[in-house]
Ligand code: ADP
Ligand code: MG
């Protein structure tokens, strides 16, 4: 007998039930044992009949008698009975449940769960669920598990099948957690935890069981992440010598038209410390839009170049890559650095020239899009690779860049994520946080605009534009249909141009446009040849247009907080006061809370935390794409268990990075590797 045997061999049930189980992902005995409840009903308290409440579900234990069945005039089937305990008696009524005739036995003790109702001047229990009394109740008189259901598979059915199966099989489930780690972290025995999570014997035991099973999941995730980091830092190809701080770095910083913020200095130092090591860095810098990540990246690129290495910076879009190129070109100009730009639009002959010069090493720094990781691109001695907006790239794309002689790797992200979440999503990277904005950065005034004020808002925008400013209009996100989204953007653009702002010049930007067309539009907007840019959410990433001061977002409730925050970050980049207007037609409570959070807070980290608490991690930008397998028990917001698991995993990987002494764990981590979707 094995846990991997088909469930049909261990359960007596129908073909239909079996195929429904398959739909729930349950194929083997193990699958069923590990099909955990999604919620619980606390039915552990019995009510006596004298104290029945009309407003809630009561669990009553008593004797059933005086059962009679009848058909009513209008053809309905009615069952009535008397139900008594030591405190009194009550009438019970069921409608249209003829099978009761077979199962209710007068004089028997049973448990009923249901609401009591007043009718015809007396209290009765109406259509309660019932169960025979046993030493240990399955459906009542306890904390009862509630499962994800599918047609034909009810929680009640699952409970009935699971209880005997658990008794028989649970001790065979393999526990992969080393005993010393279990004890150190004060965790429940595995088999007990699986039993308790299905059929809790108390609230406390249930909590302990959940904690144990969550720990298991998070521990594996952390092991995998830390192992990946270990592999990365122990690659043999890494040929860099430790880089000290070069004197030109000081000159570079002195040359800047501003002083770095404390958070920038701290992050810079963390990176410089990494570069002094013999192994390659793997670090993620998180910082709000406008917090100044580029200049920090530029500083360490310069440091690497001055040690004789090549550097590369990859960005997700051509607009963004070009912007970085221009910034770095200026910053590097006093230091005799050969910096080049490469993207999809670069002409073939030039691409070839760049590819050649990268190989011979005459190019010191290259900035570009995916074009950077095309097959024919290779480096002479790449010492540092920077990836901007790293979540926009797939794991593979990052790996290709890394495979060029295992350079130090620096990732940047403008999507702030709460620390514990980042630790799980990006556990293979060290984390630096720029949680401070440069001095004098203006506060963007944010307002939720009611529909009746729409025209006023348009007039006001027109005034602003007459005084020289520019505006963005973001069209609503339309789920699962790029085509509809584009269509609505086109309509909005035409409507605004014809009826609202006929005297102004409007531009349109959407995802179905060619990269070159998009660039042209952005360029016109940048030069203020376009007053208002109507766009779908493609505008999101990092573009810098200081003269744009108005961000108007339609259907704002459809966007997540992180995304709204990203949009807002497009304005407030210049000297003029900037504004963000949120329009919404829907008024769900959660949506309202989200928009209000935008009005109340300007920190992306704060907003990310709020988003996490409002919508849960699944919805947060980047979680779905991160390749993290679905967690059955653990929550990505459970920072206490995440920290426990992280610490335990760290300790273990430090001692035994390959898990040679823990074959079961090793196996499990490897198994998970296959679950991780590598895009
Ligand atoms: P992001 O973190 O969004 O990539 P950028 O690196 O594009 O932000 O920086 C936004 C703007 O802030 C740039 O114009 C940059 O020159 C400027 N900047 C960066 N650091 C500072 C600072 N310490 N003080 C003032 N301005 C700064
Ligand atoms: Mg940036």
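The values are calculated or read from the model by the stated rules, or taken from the named source; none is laboratory data. For clarity, every value in this text was computed on a predicted model and none was experimentally measured. Counting neighbours? That spans all protein chains shown, and the Cβs are built from the backbone with ideal geometry, glycine included.
Inspect region 241-259 for any residue being within 14 Å of ligand 2 (Cβ to nearest atom) and either over 30 Å from residue 563 (Cβ atoms) or in a helix (DSSP H, G or I) (or both) and give the result as yes or no. No: region 241-259 contains no residue that is within 14 Å of ligand 2 (Cβ to nearest atom) and either over 30 Å from residue 563 (Cβ atoms) or in a helix (DSSP H, G or I) (or both).
Looking at 319, 339, just one residue is within 12 Å of ligand 2 (Cβ to nearest atom) and either surrounded by fewer than 23 Cβ atoms within 10 Å (Cβ to Cβ) or assigned by TED's automatic domain parsing to the domain that holds residue 403 (or both), and that residue is 319.
The set of residues in region 443-459 being within 16 Å of residue 604 (Cβ to Cβ) and either loosely packed, with under 15 Cβ neighbours inside 10 Å or within 16 Å of ligand 1 (Cβ to nearest atom) (or both) consists of 443, 444.
Could you tell me whether any residue of region 369-384 is at pLDDT 90 or above and within 25 Å of residue 223 (Cβ to Cβ)? Taking every residue of region 369-384 in turn, none turns out to be at pLDDT 90 or above and within 25 Å of residue 223 (Cβ to Cβ).
Please find, within region 2-24, the residue that is nearest to the chain's Cα centre (by Cα) out of those that are assigned to a loop (DSSP other than H, G, I, E, B) and more than 15 Å from residue 169 (Cα to Cα). Within region 2-24, the match that is nearest to the chain's Cα centre (by Cα) is 24. Checking each residue in region 323-336 for being surrounded by fewer than 20 Cβ atoms within 10 Å (Cβ to Cβ) and more than 9 Å from ligand 1 (Cβ to nearest atom) picks out 326, 329, 330, 332, 333, 334, 335, 336. In the set 438, 450, 476, only one residue is assigned by TED's automatic domain parsing to the domain that holds residue 561 and either modelled with pLDDT under 85 or closer than 26 Å to residue 295 by Cβ (or both); that residue is 476.
What residue, among those in region 283-298 that are surrounded by fewer than 24 Cβ atoms within 10 Å (Cβ to Cβ) and over 10 Å from residue 267 (Cβ atoms), is nearest to ligand 2 (Cβ to nearest atom)? Residue satisfying both the conditions and the ranking: 294. Could you say whether any residue in region 201-217 is farther than 30 Å from residue 99 by Cβ and outside any helix (DSSP H, G or I)? Yes, the conditions are met somewhere in region 201-217. Checking each residue in region 303-322 for being at pLDDT 90 or above, within 13 Å of ligand 1 (Cβ to nearest atom) and assigned to a loop (DSSP other than H, G, I, E, B) picks out only 315. Filter region 94-126 down to the residues that are in contact (Cβ under 8 Å) with a residue 40 or more places away in the chain and not in a strand (DSSP E or B), then identify the one that is nearest to residue 46 (Cα to Cα). The qualifying residue nearest to residue 46 (Cα to Cα) is 108.
Selection of region 351-392 for residues being part of a loop (DSSP other than H, G, I, E, B), under 26 Å from the mean Cα position of the chain (by Cα) and surrounded by 22 or more Cβ atoms within 10 Å (Cβ to Cβ) yields 369, 388. Reported count of residues in region 554-573, each being more than 19 Å from residue 413 (Cβ to Cβ) and away from ligand 2 (no atom under 16 Å from the Cβ), is 5. Flag: residue 311 does not match the condition of being in contact (Cβ under 8 Å) with a residue 40 or more places away in the chain and within 16 Å of ligand 2 (Cβ to nearest atom).
Please go through region 138-160 and give me each residue that is surrounded by 15 or more Cβ atoms within 10 Å (Cβ to Cβ) and in a helix (DSSP H, G or I), ordered by number. Within region 138-160, 155, 156, 157, 158, 159 qualify. Is it the case, given these coordinates, that residue 540 is surrounded by fewer than 17 Cβ atoms within 10 Å (Cβ to Cβ), modelled with pLDDT under 90 and assigned by TED's automatic domain parsing to the domain that holds residue 494? No: the conditions fail for residue 540.
Candidates in region 605-619 are the residues that are touching a helix residue (DSSP H, G or I) at 6+ places or on another chain (Cβ under 9 Å) and free of Cβ contacts under 8 Å to residues at least 40 places away in the same chain; of these, the one that is surrounded by the fewest Cβ atoms within 10 Å (Cβ to Cβ) is 618. With the structure loaded, tell me whether residue 351 is farther than 18 Å from residue 300 by Cα and either away from ligand 1 (no atom under 16 Å from the Cβ) or touching a helix residue (DSSP H, G or I) at 6+ places or on another chain (Cβ under 6 Å) (or both) or whether it fails that test. Taking the combined requirement at face value, the residue satisfies it. Yes or no: residue 224 touching a strand residue (DSSP E or B) at 6+ places or on another chain (Cβ under 9 Å), at pLDDT below 95 and within 20 Å of residue 668 (Cα to Cα)? Criteria not met by residue 224. Here is the figure for region 281-302: residues that are part of a helix (DSSP H, G or I), closer than 13 Å to residue 409 by Cβ and within 28 Å of the chain's Cα centre (by Cα) total 1.
Restricting the first member to region 283-300 and to residues that are modelled with pLDDT of 90 or more, and the second to residues that are within 8 Å of ligand 2 (Cβ to nearest atom), the beta-carbon pairs closer than 6 Å and six or more apart or on different chains are 285/293; 285/412; 287/293; 293/412.
Annotation note: of 303, 262, 269, the sole residue that is more than 16 Å from ligand 2 (Cβ to nearest atom) and in contact with a helix residue (DSSP H, G or I) (Cβ under 6 Å, 6 or more places away or on another chain) is 303. For region 421-440, a residue qualifies if it is away from ligand 1 (no atom under 13 Å from the Cβ) and either surrounded by 20 or more Cβ atoms within 10 Å (Cβ to Cβ) or part of a loop (DSSP other than H, G, I, E, B) (or both), and the qualifying residues are 421, 422, 423, 424, 425, 426, 427, 428, 429. Here residue 399 qualifies as away from ligand 2 (no atom under 15 Å from the Cβ), out of contact with any helix residue (DSSP H, G or I) (no Cβ under 7 Å at 6 or more places or on another chain) and under 23 Å from residue 317 (Cα atoms).
Taking the condition in contact with a strand residue (DSSP E or B) (Cβ under 6 Å, 6 or more places away or on another chain) and either farther than 16 Å from residue 601 by Cα or within 16 Å of ligand 1 (Cβ to nearest atom) (or both), does residue 545 pass? When the stated conditions are applied, residue 545 does not pass them. Looking across region 161-176, the residues that are part of a helix (DSSP H, G or I) and exposed (fewer than 14 other Cβ atoms within 10 Å of the Cβ) come down to 164, 167, 168, 171, 172. Of the residues making up region 557-604, those that are in contact (Cβ under 8 Å) with a residue 60 or more places away in the chain, in contact with a strand residue (DSSP E or B) (Cβ under 9 Å, 6 or more places away or on another chain) and away from ligand 1 (no atom under 16 Å from the Cβ) are 559, 577, 579, 580, 581, 582, 583, 584, 595, 596, 598, 599.
Tell me, which residue of region 394-420 that is within 16 Å of ligand 1 (Cβ to nearest atom) and assigned to a loop (DSSP other than H, G, I, E, B) is farthest from residue 302 (Cα to Cα)? My answer is 417.
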